[in-house]
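Participant: Below is the structure I would like to discuss, written out as C-alpha cells.
The values are calculated or read from the model by the stated rules, or taken from the named source; none is laboratory data. If you're wondering where the values come from, they're calculated on a predicted model, not measured in any experiment. Here the Cβ positions follow ideal geometry from the backbone for every residue, glycine too, while neighbour counts run over all protein chains shown. Accessible surface is based on the protein model in full, side chains and every heavy atom, while ligands, DNA and RNA are left aside. Shrake-Rupley method; radii C 1.70, N 1.55, O 1.52, S 1.80 Å.
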Amino acid sequence: MDAGNKILLIIGGGIAAYKSCELVRLIRKEGGEVTCVLTEGGAKFVTPMTLAALSENPVHTTLWDLKNEAEMGHIQLSREADLVVVCPATADLLAKMATGVADGLATTLLLATDKPVLAVPAMNVKMWEHPATQRNVAQLREDGIRVMQPDEGPMACGEFGPGRLPEPEAVMAAIRSFHAPDPLAGQPDFAPEAHRGLYGKHVLVTAGPTHEPIDPVRYIANRSSGKQGFAIAAAAAAAGARVTLVAGPVQLETPPGVDRVDVESAREMLAAVEAALPADIAIMVAAVADWRAADASGQKIKKDGSGEVPPLALAENPDILATLAKSQSRPRLLVGFAAETEHVVDHATAKRERKGADWIVANDVSGAKGQSVMGGDANTVHIVTASGVESLEPMPKPRVAAALIDRIAKEIANA
Ligand code: C5P
C-alpha cells in the first residue's frame, strides 16, 4: 500500500478484537493511516485508549457524540477513508450489514460509505456455518463487499473448525491487494478502463495438477506447476476481484488477497468449485487428470519380485469445465485453457464448442520456440472467443495473466 492510504477500521465485539491492535500496527508500519471505530461489544475487548495510542488518531465509539458530529459528521468519517475494514466482523455485524441495519456508529458508517469494504469474519464454527450467516455472507458478496474466508483451527471457545480470524498478516495482504498497483500499468496494452475493473466481482480460478491415488504412495497426475493459474488469480485480485483459487498440489505461495482452497483429486476439485459458486467469472487453468485409478488401494501395492505387473483399471474423471458450463449457476464468463502440441488454434476452437466455454486460452506446449511452458516462466497463448482468435506474443506468465484479466475486465464492462 502507498504511504497516506487511509483505512477506517471497524472493530466488532469478539475475542479476536485483540488482533485488530496488531493490524493497526501493521498498517501504520506500511505508512497507512488508520481511524478506529469501536462497536459497544468491541469496546468490551479492547479499549479506545489502546487503539488511540497505536493509531495516533481519535477513536470513535458512538453516533451520539455531538462534538464530533459538529466537527466531522459520521457521513464524512465513512467517506474520507480509501478503504473500510471490518475486523473482526462478528455474525451480528455481518447480519446487520447484509440487511442494512444502521443502529449504531459502525453500522451507520457501513451503510453510508461509498468506499470498498473488506470484512474479516471471526466467530464460533457453528455460527459461521449456520445457514443464516452463510446467507448473509453470500448477500454481502453479491453486494460487492469483500468477505474473507475465516481460518480453520482451534477456537477460543474450545471448538475446532472454520471461524478463526485470519492472522493480521493475511488481513494486511488483503488490504494491500486493494491498493496494489495495476498489473498492467506501464505495459504497452495498458487500458485505463480496465483499472480495478473487477471490483465487486467473484472470480473462481482452478490451478495446478490433480493427483489421483493408485495407492497411498503412488498417483497419476498431469504435468503442471500451477504458475499460470496462480498468476491469473493474483492479477484478478489486483484488479479488485474477490478471488477463490482452487489449487491442486503445488509448491506456490498464495497471492495476496486470494482465498485459496487446496485439493488433491479431480473429484475434490469439482466439489470445491461447486462449493465456491456463485461466481461471475471462472477461469479453469488446472491440468486435471482425465482418469483416476478405478479401485485405488487402501494399502501400498507390494512388488513381490515375480515380475508380474499389477493391473491398473482406470475410470474417467468428471470434466469440471464442462460440468460448470451446464450448471444452473454457470458463471457469466467461463474461460477454459487448452494445452496443445499441434493445430493449437483448431483444437482450441473445437474444445470451446465441445465444453461449452465462452473462451478457450490455447497454449502451445510443443516446446517450439525454445520455450518450456510446463514449469517454465513464459507462455505463448491464443485467446479463442466466439468472435475470433487473438494471438499474443510469447511473454512471462504474469504478463499473460495481466493481459487476460484486462480482456476479461473489458468484456464484463461491455456486457
Ligand atoms: O480436455 P482438456 O483437458 O484439454 O481441457 C482443458 C480445459 O478443461 C482446462 O480449462 C481444464 O482446466 C479443464 N478441465 C476440467 N476438468 C477436467 C479436464 C479438463 O475442468 N476433467
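Participant: Of 19/44; 6/29; 201/410; 326/355; 96/126; 19/201, which ones are farther than 21 Å apart at the Cα? Numbers along the way, then the final one.
Facilitator: Working: 19/44 14 Å; 6/29 13 Å; 201/410 13 Å; 326/355 9 Å; 96/126 19 Å; 19/201 28 Å.
Result: 19/201 exceed 21 Å.
Participant: Which of the peptides 233-245, 142-154 is most tightly packed, and how do the rest follow, judged by the mean count of other Cβ atoms within 10 Å per residue?
Facilitator: Ranking the peptides 233-245, 142-154 by packing returns 233-245, 142-154.
Participant: Would you mind getting the accessible area per residue of the chain, heavy atoms of the protein chains only, 1.4 Å probe, in Å²? Provide the component values of the computation, followed by the final result.
Facilitator: Values: 19370 Å² over 415 residues.
Value for the chain: 47 Å² per residue.
Participant: Please list, ordered by chain and number, the residues whose modelled amide H lies under 5 Å from the amide H of residue 265; skip anything fewer than 5 residues away on the same chain.
Facilitator: Amide H neighbours of residue 265, under 5 Å, 5+ apart: 211.
Participant: Let me ask something else about it. What angle do you read, to the nearest 10 degrees and between 0 and 90, between the alpha-carbon axis of helix 227-238 and the longest principal axis of the chain?
Facilitator: Roughly 30 degrees between the two axes.
Participant: Another one. Roughly how tilted is helix 344-355, in degrees to the nearest 10 and between 0 and 90, from the longest Cα axis of the chain?
Facilitator: The answer is roughly 70 degrees.
Participant: Taking springs between alpha-carbon atoms closer than 10 angstrom, which of 271, 357, 315 fluctuates most in the Gaussian network model of the chain?
Facilitator: Comparing 271, 357, 315 in a Gaussian network model of the chain, the most mobile one is 315.
Participant: If you don't mind, another one. How large is the accessible surface of residue 33 in square angstrom, using a 1.4 angstrom probe and rounding to the nearest 10?
Facilitator: The accessible area of residue 33 comes to roughly 80 Å².
Participant: Same structure, new question: Would you pull out the residues with amide H under 5 Å of residue 260's amide H, same chain only if 5 or more places away, H placed 1.01 Å from N?
Facilitator: Sorted by chain and number, the residues that satisfy this are 245.
Participant: Restricting the count to DSSP beta bridges whose residues both fall in the chain, what percent are antiparallel, rounded to a multiple of 5?
Facilitator: Close to 30 percent.
Participant: Which angle from 0 to 90°, rounded to the nearest 10, does the C-alpha axis of helix 397-414 make with the longest principal axis of the chain?
Facilitator: Once rounded, the angle reads 70 degrees.
Participant: What is the percent carbon and sulfur in the accessible area of the chain, measuring with a 1.4 Å probe over the protein chains and ignoring ligands?
Facilitator: After summing per-atom areas, the C and S share lands at 52 percent.
Participant: Rounded to whole Hz and in sequence order, give me ³J(HN,Hα) for segment 84-96 from the Karplus expression 6.51 cos²θ - 1.76 cosθ + 1.60, θ = phi - 60°, writing x for Gly and Pro.
Facilitator: 9, 10, 9, 8, x, 9, 7, 4, 5, 5, 4, 5, 5
Participant: Hey, another quick one. Gap in Å between the Cα centre of segment 239-279 and the Cα centre of segment 93-137?
Facilitator: The distance from the Cα centre of segment 93-137 to that of segment 239-279 comes to 24 Å.
Participant: Only four residue types carry charge here, +1 at the Cβ of Lys and Arg and -1 at the Cβ of Asp and Glu. Report the dipole size of the chain about the Cα centre in Debye, rounded to the nearest 20.
Facilitator: For this selection, approximately 160 debye.
Participant: Taking H placed 1.01 Å from N in the peptide plane, check which residues at least 5 places from residue 314 or on another chain put their amide H under 5 Å from its amide H.
Facilitator: The list, which skips near neighbours in sequence, is 294.
Participant: Residue 51 accessible area, nearest 10 Å², 1.4 Å probe?
Facilitator: 0 Å²
Participant: A follow-up question, please. Work out from phi, with θ = phi - 60° and the Karplus expression 6.51 cos²θ - 1.76 cosθ + 1.60, the ³J(HN,Hα) of each residue of segment 211-226, listed in order in whole Hz, and give x for Gly and Pro.
Facilitator: 10, 10, x, 9, 8, x, 10, 10, 8, 9, 8, 8, 6, 6, 8, x
Participant: Please work out the Cα convex hull volume for segment 192-414 and give it in Å³ per residue.
Facilitator: Spread over its residues, the Cα hull of segment 192-414 gives 139 Å³ apiece.
Participant: Using a Förster distance of 56 Å, how high is the FRET efficiency between residue 391 and residue 111, based on the Cβ-Cβ distance and rounded to 0.05?
Facilitator: Step by step, r from the Cβ atoms, then E = 0.70.
Participant: Calculate the translational D of segment 6-179 in whole µm² s⁻¹ from Stokes-Einstein, where the hydrodynamic radius comes from the Kirkwood formula applied to all Cα pairs, the temperature is 20 °C and the viscosity 1.002 mPa s.
Facilitator: Details: Rh = 15.9 Å.
Translational diffusion coefficient: 135 µm²/s.
Participant: Against the globular-protein guess of 2.2 N^0.38 Å, express the Cα radius of gyration of the chain as a ratio, rounded to two decimals.
Facilitator: Cα Rg divided by the expected 2.2 N^0.38 Å: 1.09.
Participant: Evaluated at 20 °C with a viscosity of 1.002 mPa s, what Stokes-Einstein diffusion coefficient in µm²/s does segment 122-173 have when Rh comes from the Kirkwood expression over alpha-carbon pairs?
Facilitator: Rounded to a whole number, D works out at 184 µm²/s.
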